[in-house]
Amino acid sequence: MNRSAVKNQPVFIMLFSIAILALGLGSAHANSMKKQNLVELMSHTDTIVIGTVSAKTDGIQNGLPYTEITLDVGQNIKGHEGEKYTFRQFGLIKPKSMGDGRVNLMVTPAGWPTFVKGESVMLFLHEPASKTGFQTTAGLIQGKFMIRGNEIANGIDNDSLFAGMKINRTLSASQQDLVNQAGGAYKAEAFFKLVKTAVEEKWIENGVMINEK
């Protein structure tokens, strides 16, 4: 086995454990990168917003590294009101000098969403962690949807987003097209409207949208 890999393994385990604690995620969820459908994403979501990343910075909060992201909000779909939304996610943008000869290497973990100033996104965000206030997207890269023109896709290209679930109501033609599509970019406005309607009419709570996995 590679000697440096053995040497560094405890560091990676420590960083991963810190990330779990910082976000208040259960270890099963943090370890699970299984594909999540829309019901699963929405069931773990406290806030849904659509907007443009207007600022990004990083720092240390009570010994924990974070990246702070600010959105100029275009649409508030769930859990937020206002024209801006700011949250802190575990991990630095890049390694940071601590000013005493040490370098903090705790960057955003692999598989977690990263953000670029100016990009348009739709975010399905967890409730902030009770101890740190840190927050990230449900399903990690799966809960960050990038908007490019009139199309939208998450970090795994919408793979299986409507798999293993059922919607017990008549959908518009454009919404039914989304459900029938196995993956790939969706028409953004149709997806926005479907999610907004599901939130406003409480489809999950009322048994209209069901996870059959």
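The values are calculated or read from the model by the stated rules, or taken from the named source; none is laboratory data. All of these numbers come straight from a predicted model, not from anything done at the bench. Cβ placement follows ideal geometry from the backbone for every residue including glycine, while neighbour counts extend to all protein chains displayed. Side chains included, ligands, DNA and RNA excluded: accessible areas come from the protein's heavy atoms. Shrake-Rupley method; radii C 1.70, N 1.55, O 1.52, S 1.80 Å.
A few notes on this one:
- If the condition is being under 30 Å from GLY183 (Cβ atoms) and touching a helix residue (DSSP H, G or I) at 6+ places or on another chain (Cβ under 7 Å), then the range 92-121 contributes PRO109, GLY111, TRP112, PRO113.
- Selection count, the range 102-118, where residues are open to solvent by 40 Å² or more (accessible area, probe 1.4 Å), of a type outside the set (Gly, Ala, Ser) and modelled with pLDDT of 95 or more: 3
- Flag if ASP159 is open to solvent by 30 Å² or more (accessible area, probe 1.4 Å) and without any contact (Cβ under 8 Å) to a residue 40 or more places away in the chain: no
- Every test in (1) among the charged types (D, E, K, R); (2) closer than 21 Å to GLY79 by Cα; (3) open to solvent by 40 Å² or more (accessible area, probe 1.4 Å) is passed by GLU151 save one, and that test is (2).
One line per residue, one yes/no per condition, for (1) assigned to a helix (DSSP H, G or I); (2) in contact with a strand residue (DSSP E or B) (Cβ under 6 Å, 6 or more places away or on another chain):
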position	(1), (2)
VAL116	no, no
ILE147	no, yes
PHE162	no, no
SER174	yes, no
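- Among the conditions (1) over 30 Å from THR197 (Cβ atoms); (2) loosely packed, with under 15 Cβ neighbours inside 10 Å, the only one that ARG88 does not satisfy is (2).
- Scan of the range 74-85 for residues that are open to solvent by less than 30 Å² (accessible area, probe 1.4 Å) and either over 16 Å from the mean Cα position of the chain (by Cα) or under 30 Å from ASN104 (Cβ atoms) (or both), ordered by number: TYR85
- For first residues located in the range 37-52 and in a strand (DSSP E or B), partners that are of a type in the set (Phe, Trp, Tyr) and lie 6+ apart or on another chain with Cβ distances below 7 Å form the pairs ILE48/PHE124; VAL49/TYR85; ILE50/PHE192; GLY51/TYR85.
- Test: residue in the range 9-19 that is modelled with pLDDT under 95 and in a loop (DSSP other than H, G, I, E, B): no
- Qualifying residue in the range 121-131 (condition: part of a loop (DSSP other than H, G, I, E, B), small (Gly, Ala, Ser), exposed (fewer than 13 other Cβ atoms within 10 Å of the Cβ) and at pLDDT 95 or above): no
- Restricting GLU189, GLU205 to those that are part of a loop (DSSP other than H, G, I, E, B) and open to solvent by 20 Å² or more (accessible area, probe 1.4 Å) reduces the list to GLU205.
- When residues of the range 60-73 are limited to those that are farther than 14 Å from THR136 by Cα and without any contact (Cβ under 8 Å) to a residue 24 or more places away in the chain, the one nearest to the chain's Cα centre (by Cα): ASP72
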